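Everything below concerns the one structure shown next.
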Amino acid sequence: MTYWIHILNGRNMSKESDDHSMMYRLSEELDIECDKLGIPRLSSFSDFTDLELCVNEDEDESQDELIPDEETGYGYGIDDMQWFPISSGISCIEALRKHVADGWNPALNENDRAELIEEFDDCIAHLNSARIETGKFHLAVIM
């Protein structure tokens, strides 16, 4: 599983995202660090809509083919997902990026540390490209 970052400006949602698998894989450990840093947990920005749809499709093979939503092109719409303020995401992810770059988790090998920082940088770039005052985002959990 992985995270994809989605940005919402008005009714326009970004659909393309790089995988952020390292962030997802380490999310429990990163949440502990968030608690220590006094910032929102990374996982608190998760949206499980896509995962829930995939699980439900797997469990109910007799389910009719879903009609894609007109706005998203997915089997669910914008209003079905959870969205969070851009400013909250920026402050959390920037703080985690700094914490990891400063040497968090010495057992993390340098390649994994570099990959995690790269994933944070990608998320920060997406968040900074959005309208901070009105935009929203989430980390979609993708199977």
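Do the conditions hold for P40, that is, is it closer than 20 Å to V141 by Cα, in a loop (DSSP other than H, G, I, E, B) and more than 16 Å from the chain's Cα centre (by Cα)?
Numbers: closer than 20 Å to V141 by Cα: yes; in a loop (DSSP other than H, G, I, E, B): yes; more than 16 Å from the chain's Cα centre (by Cα): no.
For P40, the condition - closer than 20 Å to V141 by Cα, in a loop (DSSP other than H, G, I, E, B) and more than 16 Å from the chain's Cα centre (by Cα) - is not met.
Among (1) in a loop (DSSP other than H, G, I, E, B); (2) in contact with an Asp or Glu (Cβ under 7 Å, 6 or more places away or on another chain), there is one condition A107 misses while meeting the rest; what is its number?
Exception for A107: condition (2).
Sort out which residues of segment 81-110 are on the phi < 0 side of the Ramachandran plot and loosely packed, with under 15 Cβ neighbours inside 10 Å, and write them in order of number.
Within segment 81-110, the subset on the phi < 0 side of the Ramachandran plot is 81-102, 104, 106-110.
Answer for segment 81-110, where residues must be on the phi < 0 side of the Ramachandran plot and loosely packed, with under 15 Cβ neighbours inside 10 Å: Q82, S87, S91, K98, A101, D102, P106, A107, N109, E110.
Being surrounded by 17 or more Cβ atoms within 10 Å (Cβ to Cβ) and more than 15 Å from the chain's Cα centre (by Cα): is that true of R113 here? Give the derivation first.
Values: surrounded by 17 or more Cβ atoms within 10 Å (Cβ to Cβ): yes; more than 15 Å from the chain's Cα centre (by Cα): yes.
Spelling it out, R113 is indeed surrounded by 17 or more Cβ atoms within 10 Å (Cβ to Cβ) and more than 15 Å from the chain's Cα centre (by Cα).
Looking only at segment 116-143, count how many residues are surrounded by 15 or more Cβ atoms within 10 Å (Cβ to Cβ), aliphatic (A, V, I, L, M) and either touching a Pro at 6+ places or on another chain (Cβ under 9 Å) or in a helix (DSSP H, G or I) (or both). Give the steps one after another, and end with the answer.
Going through segment 116-143, the residues surrounded by 15 or more Cβ atoms within 10 Å (Cβ to Cβ) turn out to be 116-117, 119-120, 122-124, 126-127, 130, 135-142.
Still in the list and also aliphatic (A, V, I, L, M): 116-117, 124, 127, 130, 139-142.
Keeping just the survivors that are either touching a Pro at 6+ places or on another chain (Cβ under 9 Å) or in a helix (DSSP H, G or I) (or both) gives 116-117, 124, 127.
The number of residues fulfilling the criteria is 4.
Checking D35 against (1) under 19 Å from the mean Cα position of the chain (by Cα); (2) touching a residue at least 40 places away in the same chain (Cβ under 8 Å), which single condition isn't satisfied?
Result: D35 fails condition (2) only.
Say whether the condition of being modelled with pLDDT under 90 and either in contact with a strand residue (DSSP E or B) (Cβ under 8 Å, 6 or more places away or on another chain) or polar (S, T, N, Q) (or both) is met by at least one residue in segment 68-91.
no
Taking segment 77-104 only, how many residues are more than 13 Å from the chain's Cα centre (by Cα) and either assigned to a helix (DSSP H, G or I) or under 17 Å from F45 (Cα atoms) (or both)?
Step one: filter segment 77-104 for residues more than 13 Å from the chain's Cα centre (by Cα), giving 77-80, 87, 91, 94-104.
Still in the running and either assigned to a helix (DSSP H, G or I) or under 17 Å from F45 (Cα atoms) (or both): 78-80, 87, 91, 94-101.
Matching residues across segment 77-104 total 13.
Suppose we filter F120, F48 for residues that are of a type outside the set (A, V, I, L, M) and touching a His at 6+ places or on another chain (Cβ under 9 Å); which single one remains? Can you show your working first?
Details: F48 fails: touching a His at 6+ places or on another chain (Cβ under 9 Å).
Only one candidate qualifies: F120.
The values are calculated or read from the model by the stated rules, or taken from the named source; none is laboratory data. Values in this document were obtained by computation on a predicted structure and should not be read as measured data. Cβ: placed from backbone, ideal geometry, glycine included. Neighbour counts: every protein chain shown.
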